[in-house]
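These notes are about the structure you will find just below.
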Amino acid sequence: MIFALSMSAFAQSSSDDDDWLSADSPKPATSEKSTGSYDGTSDSEFANDEEYASAYARYKTQTTSRSEISKQRKEGFSQSVFVGARVQGGFNTFLGSNSDGWGAGWNAGAGLIIKISMFTKNFSLVPELTFNYRHYGYEKDMEVYTNKAKLNIMLFELPIMFRYTFDQYDFFAAAGLHLGLKLMGDTEFSSEVKEGTSSNGTSKSSNTFVSTNMEVGLALEGGYMLTRNVHVNLRVVQCFTNLLNQGLTVEQSFTNSTLLTFYTNLGISFLF
């Protein structure tokens, strides 16, 4: 009888212990939740983990900062460098010793232009690469006869201009170095005997005076910005190297001449 009562009491105690364990013991986390990651929302299982949340916030800040820096670099580059096209045309002549007789010729060209901001938004470097064609005409009265000549030359021009922009007025002014590289050229000279003289007729010769392969000079210009991307300008160029190759010139009228190119042209640029 006593043994039976003892066994009943022990069974009841074991049942109470099992109920206490099942009610108070934490349930093990499932594998799905244990592999979850913090996404910054209150639904995440790590939302109340201050250390994890702080690390995630730093990660988001660094990612955003890098993205903003990259965006600003791209925008800054696009705003500081412009590439475009330029067309120009104008008039030219020669200055220098024994250059009288050379009248006003003409020139026309087109090419590429780059505008690069420097130091501040008002200063910029503006190099160009332009293909240009020039025609020069010569005529001089020698009493009994008249000398006439023409010079045609095709060349690459490389002006390197330093520009200052007056933003409030949309005007700009520039100065820089001018380089000209000859591609090809030809010349023609003729002497026409005047009517009423003892002899009549015209003598012609080709390439008896020759142009040099390069010229160097200074350029000045002023312009106006019609829009941010469309500019017009007036440029004046004075070269200080002789365009006449005296070593290859056999025409007596030009053997002691110094031909310094002077020209003015109007141009329009389209920047992108």
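Here are the numbers for the structure shown:
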quantity	calculated
Label point distance in nm, VAL236-LEU218, each placed 7 Å from Cα along Cα→Cβ	1.1
Per-residue SASA entry for ASP100, accessible area with 1.4 Å probe, Å² rounded to 10	90
Potential extension, TYR133-ALA175 segment - 0.36 nm per residue separation minus Cα distance	12.9 nm
Nearest-10 value in Å² for the accessible area of THR187, using the 1.4 Å probe	10
Gained length - LYS140 relative to PHE91, 0.36 nm times residue gap less alpha-carbon distance	15.7 nm
Segment 114-176 - charge dipole about Cα centre, Lys and Arg +1 at Cβ, Asp and Glu -1, debye rounded to 20	160
Inter-label distance for LYS121 and ASN207, nm, one decimal - labels placed 7 Å from Cα along Cα-to-Cβ	5.5
Pairs from LYS60/LYS115; LYS140/LYS204; LYS150/LYS182; LYS148/LYS182 whose Cα-Cα separation, in the structure shown, is over 26 Å	LYS60/LYS115
Point-to-point label distance, VAL250-LYS60, nm (Cα→Cβ direction, 7 Å offset)	8.7
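The values are calculated or read from the model by the stated rules, or taken from the named source; none is laboratory data. Just so it is clear, the model here is predicted, and its values are computed rather than measured. Positions of Cβ are backbone-derived with ideal geometry, glycine not excepted, and every protein chain shown enters the neighbour counts. Surface accessibility is based on the protein's heavy atoms, side chains included, excluding ligands, DNA and RNA. Shrake-Rupley method; radii C 1.70, N 1.55, O 1.52, S 1.80 Å.
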